[in-house]
Structures are given as C-alpha cells and as structure tokens.
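Please treat every number below as a calculation from the coordinates, not as lab data. This one's a predicted model, so the numbers in the text were calculated from it and none came from an experiment. Ideal geometry is used to build each Cβ from the backbone, glycine not excepted, and the neighbour counts take in all protein chains shown.
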Amino acid sequence: MQVIRGIEKLETENTVITIGNFDGVHMGHQKIFDYIKRKARQIGGKSVVVTFHPHPIKVLFKDHPLKLITTTEDKIRLIETCGVDITVLIPFTNEFAQMEAEDFVRDILVERLNAKLVIVGYDYRFGKGRKGDRDLLKKLGLVYGFKVKVLNAYKRKGKILSSTAVRNALIEGNIREANLFLGRAYHIDGEVIKGLGRGSSILGYPTANILPIQEIIPKEGVYAVKVTVPHLSKTYRGVANIGKNPTFNNKNLSYEVHIFDFKENLLGKSIRVHFITRIRDEKKFSSPEELKQGIARDIEEAKKIFSKDKTKLFLSY
Ligand code: RBF
Ligand code: MG
C-alpha cells in the first residue's frame, strides 16, 4: 500500500475514495474498504482511503476527553492489511479545519486525488463548520464528474457498529464484543519496564510490566491474552492483569502479563498484548499466598479458554 503523508497530486487517473477517521479499523470500516476495492477494480482504478492525523477532535477541542482505539501507525497498518491501494494521511491543523467543504472537494478530492467515486458513511460531515454532507457531495459530484455512494450503518448482532461502540465495549471489559466488532483481537503495545520484582520473588509468577502506547485500555481486571514478542517473531499464551494490586496496596495502575513457558528477560523490549477474554475483576486477597493460588486458577482458566477457543481470532502483528 502506498502511504501519502500530506496532500499530493496522484498519478492514478481513476480513484474510488472513502474519507473518515476510521478509528479502530472495525468491521464496518472493513466493509467500506472491501467496497472501494471492488469498485476500483471495476473501473481499473485505485482504492484510496483519506484519513487524518491527529484526529480532528484532538485539534479542534483541545480538552475533549476522546480516547482513540488505534494509534495512527496501527491504523495505517490495519488499512494496509485490508488490501487498500493508497492511504492519504492529511495533517489535520487548525488551518486545514478552515477549508470550506466546496474547496476540499475541488482542490483535494477532484484536482489532486482524481475522484471518480466517493463513498461516505450516512452521517459523514466535512469542511469548515461541518457544512459538507452527503447532499453537498452529490451536488458537487454532478459539477466535477464523480459519483457518490452513501453507505448505511453496519450492524452486528442488532447493534450499530461504530468506533464509539468499540470504545465502550473495551472500557466495560467486554472483550468478546469488542473483538467481534473489530474482527480481530484488541491489542496494546508497550515497552517492558522494570516492575517491583514481586511477581518472581514472592509469587513465582514473573510478569512483564508495560507502559501501553494506546489511549484505550480495557477495564481493570484479569484477562486471557496472547503476547507477541516482535524481536523473537513469536506469539505466546498468557494471562494479564491491569490494576492497582490491592493485595499490596499499590498506588499506581500497572499493566502486566505473565507469559506461559517463557524465561527470557524482556526489559526494554517492545511487546504486543492481544486480549482474548476477561477472566475476573482484580481483588484484594488476604495474603500473597492466596493471590498466588488465585493466579494459578487464572492460568488454568485461561488454558481452558485457549483450548476451547475455536473462533481463530485474527491477531494483527
Ligand atoms: N494483584 C492483586 O492484588 N489482586 C489480584 O486479583 C491480582 N490478580 C492477578 C492475576 C494475574 C493473572 C496476574 C499475572 C497478576 C495479578 N495480580 C493481582 C498482580 C500481582 O499483585 C502482581 O503481579 C505482583 O504484585 C507483581 O507485580
Ligand atoms: Mg512484573
């Protein structure tokens, strides 16, 4: 996939374009990408995803609490996995936000990106003051010679699939639902940092502690996970705990994984933790010995989950 960071004139004459934030690159987004790929093939052109960095809300509303599902680099990588030809990553600035909807269509979609067909979600808004919508796009399409297709919301199990729905599922710890919406296992990445060392010394379950780079972290608790260790090009099974370790009255939130049958020191290395299922809430055990038995049960439970899990969840590496 060609990634264009900025706004350039494309060589391809015929493009089928979709525009959006695509946070999470969920199943609804994937359906749109399948659609632009098919249409591009039909006209012998290229499929183009136009998206933004940073997320417009982060620029326009500095204090907005929005937390993103995917980092921009993950988003690009996941769009690439979908088989899209070109991603145009537009730097979203206050200046860019001042562009009138009509100018965006003419200068960018038509003159630079050579749009022949533009696909947007039913509620997509663009341009200064969000004045651009599907009707304006259709009107301008008649002027500049491109077609417009508006796609309806995509539903899974009776629920409208949206980035918001994915965010909520993750925050509620509803991993199965989040994964169903995403069409893959949700993951977080981070460098392994020094923990307190209690995992190996007191409990006999060493953990790799990470500082996640993602903004959305699943609800505190214990999870069955898969852990990709990029420098070893391998993925392992394990259990993760997100929480404040009430048994030890810790103040800070920690993110840690115990990897099955793994002995190497990962300090300073980056790892990826894929969430498969939530096992339980974190709790205050009456002693480290009780906690140790609790973790042993979590591991048993996770192994049961892995052996039963026939869903073959897609992991994105
Ligand atoms: N700490 C707690 O205080 N309560 C828990 O319920 C708890 N559950 C855990 C489950 C797993 C699978 C793992 C790996 C750790 C858990 N911990 C829990 C964290 C534990 O206190 C921590 O690994 C050690 O203190 C070392 O940092
Ligand atoms: Mg540790």
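Once phi is turned into ³J(HN,Hα) by the Karplus curve 6.51 cos²θ - 1.76 cosθ + 1.60 with θ = phi - 60°, what whole-Hz value does each residue of the range 207-224 show in order, with x for glycine and proline?
In residue order, the calculated couplings are 10, 8, 8, 10, 10, x, 8, 6, 8, 9, 10, x, 3, 3, x, 10, 9, 7 Hz.
List every residue whose amide H lies under 5 Å from the amide H of Met99, counting only residues 5 or more places away in sequence or on a different chain, with H placed 1.01 Å from N in the peptide plane.
Result for Met99 returns Lys128.
Which distance in nm do the two modelled labels at Asn265 and Asp63 give, with both placed 7 Å along the Cα-to-Cβ direction?
That separation, rounded to one decimal, is 4.6 nm.
Where the Cα atoms of the chain are projected onto their three principal axes, how long is each span, largest first, in whole Å?
Sorted from largest, the Cα extents of the chain read 73, 40, 38 Å.
State, to one decimal in nm, how far the label point of Lys131 lies from the label point of Ile213, with both points 7 Å from Cα in the Cβ direction.
My value for the distance between the label points is 3.9 nm.
Could you name the aspartates and glutamates whose alpha carbon sits less than 14 Å from that of Lys284, not counting residues in the same chain fewer than 8 places away?
Correct list for Lys284: Glu220.
For helix 134-144, report the angle its Cα long axis makes with the longest principal axis of the Cα atoms of the chain; keep it between 0 and 90° and round to the nearest 10°.
Between helix and principal axis, roughly 40 degrees.
What is the percent of Cα-Cα separations in the range 2-153 that go past 28 Å?
11 percent
Could you compute the FRET efficiency for Ser200 and Arg77, with r as their C-beta to C-beta distance and R0 at 41 Å, rounded to 0.05?
Taking R0 as 41 Å, the efficiency between Ser200 and Arg77 is 0.80.
Against the empirical 2.2 N^0.38 Å scaling, what ratio does the C-alpha Rg of the range 180-308 come to?
Taking the Cα Rg and dividing by 2.2 N^0.38 Å, one obtains 0.99.
Can you tell me the 0 to 90 degree angle between the C-alpha axis of helix 27-42 and the longest principal axis of the chain, rounded to 10?
Once rounded, one gets 40 degrees.
Cα axis of helix 288-308 to longest principal axis of the chain: angle in degrees, 0 to 90, nearest 10?
Rounded to the nearest ten degrees, it is 50.
Quick one: among Glu191, Glu256, Glu264, which has the greatest mean-square fluctuation in a GNM of the chain with alpha-carbon springs under 10 angstrom?
With Cα springs under 10 Å in the chain, the top fluctuation among Glu191, Glu256, Glu264 is at Glu264.
Which residue, Lys226, Lys138, Lys234, has the most motion in a Gaussian network model of the chain that connects Cα atoms within less than 10 Å?
Lys234
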